[in-house]
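The values are calculated or read from the model by the stated rules, or taken from the named source; none is laboratory data. What you see is a predicted model; the values in this text were computed from it and never measured. FYI the Cβ positions are ideal-geometry reconstructions off the backbone, even for glycines, and counts take in every protein chain you see. For accessibility, only protein heavy atoms count, side chains too; no ligands or nucleic acids. Shrake-Rupley method; radii C 1.70, N 1.55, O 1.52, S 1.80 Å.
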Amino acid sequence: MRGVWKVSAVLTALVLVVSGVAMFGYSGTMWKNGIGEGGEKGVIPLMPPPFIQIAGASSVEGDTVFPEDEAGISAYVNVGEDAIDKEDIKKLLESDLFEQPVENFSANYIIGIIPILNYGGTVRPHVYVDTEGWIVAYFTKDEPASLIMDWKNNNKGDFDNPKIEEINTTTLEQAIKKACEALGIDYESVKPNIKYYDFEFPEANGMFLFVKTIASAGENYVYIIIPSDYKLYDASYTHYVYHDTKYGGCGYTSYLKVDEVVVNMLDSHSCGPVEDIVYKQYDEKVLTVDTSHTLEISYSPHSYDSVGSAGVATVLIYKID
């Protein structure tokens, strides 16, 4: 388990400034529907699912089911007790929805990996489905929470000119969508009821997600100050680059920096097209309390005839004390 950071953050007081313009509660791009009980923009509430609050509820008709000790950041929804039966579980087992072999199953539930196409390749969230109507998509506690960032479905532009004006979905929601489609369940009616929880950090009650991209050679910035009332459990990021050349020039370099210190570098001498992406944790010394931090994302092609873009998404998991 990763360490807990005692940092600050009444996120309603979180100050984010982008390109000299002060933004309240979000930066670059925010989570569209992530409005907490206090109305904080960009905040996704983390709430425990009912099935972990009931004594002995970790079983369905006698079978051990949802792996709470394995799961990390999760999205979950109940589609109704009558929506999924044993025949549906059997159909899922025999379908090509999950990567094979399926990790665990019985007559009453199934757990497997549903691959989700994203920039730079495929992410592989686990998905749990049972006959009580629960569908839970999750990444394990050993995987960074930034894997939830869906670069592909939130981009209204293209690789060369990304346009992520708001974040409408995550890779976990896309996994739930695939499960619903395989079960013949209307996903659009289910989507408003999807909630999030982090099984690794059960005391955490909020998640904050923001994005910054750059669509040409140069740098882009987020200026962030985190005050000091919240407990930050986890901070992770995903850094991507798309690069191509028109006439044969090759290579690029992209940096993610915090306060001019390199956090991550993506570098290639390939002629393209290239899609490169990483999902990592921030070092706990990178983002500190009551200090103005500058997050910089840059894209530098090695030739004048190149096209491409770069981007960074940051995910914070925290508790309001």
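In the list G206, G184, which residue meets the criterion of being farther than 16 Å from A313 by Cβ and open to solvent by 10 Å² or more (accessible area, probe 1.4 Å)?
Step by step, each of G206, G184 is checked, and only G184 is farther than 16 Å from A313 by Cβ and open to solvent by 10 Å² or more (accessible area, probe 1.4 Å).
Name every residue in the stretch 150-190 that is of a type in the set (K, R) and touching a residue at least 24 places away in the same chain (Cβ under 8 Å), in order of residue number.
Passing the criteria: K152, K178.
Which of the residues belonging to the stretch 128-146 are under 15 Å from the mean Cα position of the chain (by Cα) and surrounded by fewer than 24 Cβ atoms within 10 Å (Cβ to Cβ)?
Of everything in the stretch 128-146, those that are under 15 Å from the mean Cα position of the chain (by Cα) and surrounded by fewer than 24 Cβ atoms within 10 Å (Cβ to Cβ) turn out to be T140, K141, D142, E143, P144.
How about the stretch 1-115: which strands (runs of 3 or more DSSP E) wholly inside it have at least 3 residues that are at pLDDT below 55 and open to solvent by less than 20 Å² (accessible area, probe 1.4 Å)?
The strands (runs of 3 or more DSSP E) meeting that bar number zero.
For N220, state whether it is in contact (Cβ under 8 Å) with a residue 40 or more places away in the chain and either aromatic (F, W, Y) or touching a Pro at 6+ places or on another chain (Cβ under 7 Å) (or both).
So N220 fails the test.
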